[in-house]
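Asker: Before I ask anything, let me first share the structure, which is written out below as structure tokens.
The values are calculated or read from the model by the stated rules, or taken from the named source; none is laboratory data. Being a predicted model, the structure only gives us computed values, none of them experimental. Cβ placement follows ideal geometry from the backbone for every residue including glycine, while neighbour counts extend to all protein chains displayed. What goes into the accessible areas is simple: the full protein's heavy atoms, side chains included, and nothing from ligands, DNA or RNA. Shrake-Rupley method; radii C 1.70, N 1.55, O 1.52, S 1.80 Å.
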Amino acid sequence: MEKLKVKIGLEVHVQLTKLKTKLFCSCPSDYRGKPPNTYVCPVCLGLPGSLPKVNSKAIEYAVMVALALNCKINRKVMFFRKHYFYPDMTKNFQITQYDRAGGAPIAVNGYLKLSTSDKEKVVRIRRINIEEDPGKLVYPTGSIITSPYTLVDYNRAGIALLEIVTEPDIETPAEARLFLQKLRSILEHLDVCDCGLEGAVRTDANISVAGGGRVEIKNIGSIKDVEKALMYEILRQKEALLKGLSIRSETRHWDDVRKVTVPLRVKEEEQDYRYFPEADIPPIIITEEFIEKIAKQMPELPDERLKRFQREYGLPYYDSSVLVSNKKLADFFEETVKLYKRNPKKVANVIINDFLRWIHEKGLELDNVKAKPKDIAELLKLLDNGIISIKIAKTVLPEIIVSGKSPSQVVKERKLLKISDKQIIRQIALKIFREHKKAAFDALKDKKAINYLIGQIMKYTKGRADPAVTGKVVKELLTDLKEGKLKL
Ligand code: ZN
Ligand code: MN
């Protein structure tokens, strides 16, 4: 059963959140947190007689994304109406694009390369559509299953989306996660989408196991959940196949509270949508000059940035790839290096090994971390100058992440300065020797006992004692003890 072939294709809906207005009207696009049904007008509500007008910046952004995903850009772009009845759509059709009946999406036939630990994987991009977002259905108890009724908010209706569709080239849930992470990093480098916003990136995942029916899991809100939903589906389908059941093609919903998929409906066929050309929007001609102009203005993308990190900062491939997998993380790294130029590798180590771990542990996102690059740089300088020990640095870090205080402020407030004064350490060591007499005498011939004593001193000083000075002091005391100059 383990060998059953899994085929996964993704359909990713990306909001162009960096646009100021919606796709076909001048309603503002920053609808999040606004009172329901206040960011609406006759066009996005689809009232009779209203006429859509294409946001030209949306076309520009779509061309940028298409170029970044190595797509062929169609020169004549048309919009189509896709009909369906659902309360999130007042017009009963969505203005989108279509690749048949004379239609053409903005871009087709691209690819995205993923690096996995053992190979390079190419995921082909079938097409990119520009389309409008429907309104948002609100489930008062949080779930489609448990809510007794549903509310609808049209503030989101008409927000510009790119629908990015892959070929079913993905073979594991982990590859799906890598694909989405890389796509997200590209979109953020292009500055077309703030992908961390709630609902800014929503994924439909198509999966079939061992040539069985194609199951579509709709509207998964986060990259982590895409991976989980796919793992759940693979297990569910394999179990069914083991029992001799066949998998039917259907649409399922990912319940992100219970972490299961549940059946929604038998999948609609394409002909059910009755696609036809949107007569209110004339075809858009995309010229060679337009594409060239955009190609010239393209910012640095993750793949190029990764190479630059290796070249410019001497980082290994692994470090560079972790950093550029998230634009904000890569920016954070570069800001820190500007303030701490002497050792970029050290900065990468702190960010990847300690900083990221604490962010996960505290359940934070990079956006709500209070520590700034200047704080990380300051922490490293305190360490270099011998003002704090490595152990202290590791206790200061989680505190600056949550509190936003500077490292030196934390060190001062919590009295964490390193103790390097030999006299002070000697006094502490004597106290420890007297409290652990047996260990002190054992230490005359046993190295383990020496380490035990040093450990006790560190424990007593909460890691503040300078390790080099402490080692020296302990050695001196042991000599005195041996020669009878020290009485315990
Ligand atoms: Zn509007
Ligand atoms: Mn769509």
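Asker: In this structure, is Thr17 under 30 Å from Val123 (Cα atoms), touching a residue at least 12 places away in the same chain (Cβ under 8 Å) and of a type in the set (Ser, Thr, Tyr)?
Answerer: Criteria met by Thr17.
Asker: Which residues, taken from segment 8-47, are within 16 Å of ligand 2 (Cβ to nearest atom) and over 24 Å from Arg184 (Cβ atoms)?
Answerer: Residue satisfying the conditions is Phe24 alone.
Asker: A follow-up question, please. Filtering segment 71-83 down to residues that are in a strand (DSSP E or B) and closer than 12 Å to Asn129 by Cα, which residue is farthest from ligand 2 (Cβ to nearest atom)?
Answerer: Ranking the qualifying residues of segment 71-83, first place goes to Ile73.
Asker: Can you pull out the residues in segment 84-128 that are loosely packed, with under 13 Cβ neighbours inside 10 Å, without any contact (Cβ under 8 Å) to a residue 60 or more places away in the chain and outside any strand (DSSP E or B)?
Answerer: Those that are loosely packed, with under 13 Cβ neighbours inside 10 Å, without any contact (Cβ under 8 Å) to a residue 60 or more places away in the chain and outside any strand (DSSP E or B): Phe85, Tyr86, Asn92, Ser117, Asp118, Lys119.
Asker: Follow-up question, since we're still on this one. Which residue, of Lys374, Lys345, Lys381, Lys341, is outside any helix (DSSP H, G or I) and among the charged types (D, E, K, R)? Don't jump to the end; show me each part of the working.
Answerer: Numbers: Lys374 fails: outside any helix (DSSP H, G or I); Lys345 fails: outside any helix (DSSP H, G or I); Lys381 fails: outside any helix (DSSP H, G or I).
Just one listed residue meets the conditions, Lys341.
Asker: State whether one or more residues within segment 53-61 are of a type in the set (Gly, Ala, Ser), away from ligand 2 (no atom under 16 Å from the Cβ), in a loop (DSSP other than H, G, I, E, B) and over 30 Å from Leu241 (Cβ atoms).
Answerer: no
Asker: Go through segment 410-447 and give me each residue that's open to solvent by 80 Å² or more (accessible area, probe 1.4 Å) and within 30 Å of Ile352 (Cα to Cα).
Answerer: Lys412, Glu413, Arg414, Lys415, Leu417
Asker: Right, next: Please verify whether segment 66-75 includes one or more residues that are closer than 22 Å to Glu300 by Cα, of a type in the set (Lys, Arg) and free of Cβ contacts under 8 Å to residues at least 60 places away in the same chain.
Answerer: Narrowing segment 66-75 to residues closer than 22 Å to Glu300 by Cα: 66-73.
So of that shortlist, the ones also of a type in the set (Lys, Arg) come out as 72.
Now drop any that are not free of Cβ contacts under 8 Å to residues at least 60 places away in the same chain, which leaves 72.
Yes: segment 66-75 contains one or more residues that are closer than 22 Å to Glu300 by Cα, of a type in the set (Lys, Arg) and free of Cβ contacts under 8 Å to residues at least 60 places away in the same chain.
Yes/no matrix, rows are residues, columns are (1) in a helix (DSSP H, G or I); (2) at positive phi; (3) touching a residue at least 40 places away in the same chain (Cβ under 8 Å):
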| site | (1), (2), (3) |
| --- | --- |
| Ile130 | no, no, yes |
| Gly142 | no, yes, yes |
| Ser147 | no, no, no |
| Gly158 | no, yes, yes |
| Gln181 | yes, no, yes |
| Ser185 | yes, no, yes |
| Cys193 | no, no, yes |
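Asker: Looking only at residues in segment 1-60 that are under 18 Å from Leu162 (Cβ atoms) and among the aromatic types (Phe, Trp, Tyr), which one is farthest from the chain's Cα centre (by Cα)?
Answerer: Phe24
Asker: Let me ask something else. Select from segment 451-488 the residues that are free of Cβ contacts under 8 Å to residues at least 12 places away in the same chain and of a type in the set (Gly, Ala, Ser) and write down the one among them that is surrounded by the most Cβ atoms within 10 Å (Cβ to Cβ).
Answerer: Gly455
Asker: Return the pairs, sorted by first residue and then second, in which the second residue is assigned to a loop (DSSP other than H, G, I, E, B) and more than 16 Å from ligand 1 (Cβ to nearest atom), the first residue lies in segment 160-174 and is open to solvent by less than 10 Å² (accessible area, probe 1.4 Å), the beta carbons are less than 8 Å apart, and the residues are 6+ apart or on different chains.
Answerer: Ile164/Leu69
Asker: Can you pull out every residue in segment 375-402 that is within 16 Å of Asp354 (Cβ to Cβ) and among the polar types (S, T, N, Q)?
Answerer: Result: Ser389, Thr395.
Asker: Among (1) surrounded by fewer than 19 Cβ atoms within 10 Å (Cβ to Cβ); (2) within 30 Å of the chain's Cα centre (by Cα), there is one condition Ala68 misses while meeting the rest; what is its number?
Answerer: (1)
Asker: Ok, one more. Of Lys374, Lys438, which residue is more than 20 Å from Leu329 (Cα to Cα) and either assigned by TED's automatic domain parsing to the domain that holds Leu323 or over 27 Å from the mean Cα position of the chain (by Cα) (or both)? First the steps, then the outcome.
Answerer: Values: Lys374 fails: more than 20 Å from Leu329 (Cα to Cα).
After applying the criteria, what remains is Lys438.
Asker: Take segment 301-341 and flag every residue that is open to solvent by less than 60 Å² (accessible area, probe 1.4 Å) and either at positive phi or of a type in the set (D, E, K, R) (or both).
Answerer: Arg305, Arg308, Gly314, Asp319, Lys327, Asp331, Glu334
Asker: Can you tell me which residue in segment 129-159 is nearest to Cys195 (Cα to Cα), limited to those that are open to solvent by 10 Å² or more (accessible area, probe 1.4 Å) and of a type in the set (D, E, K, R)?
Answerer: If we take residues in segment 129-159 being open to solvent by 10 Å² or more (accessible area, probe 1.4 Å) and of a type in the set (D, E, K, R), then Arg156 is nearest to Cys195 (Cα to Cα).
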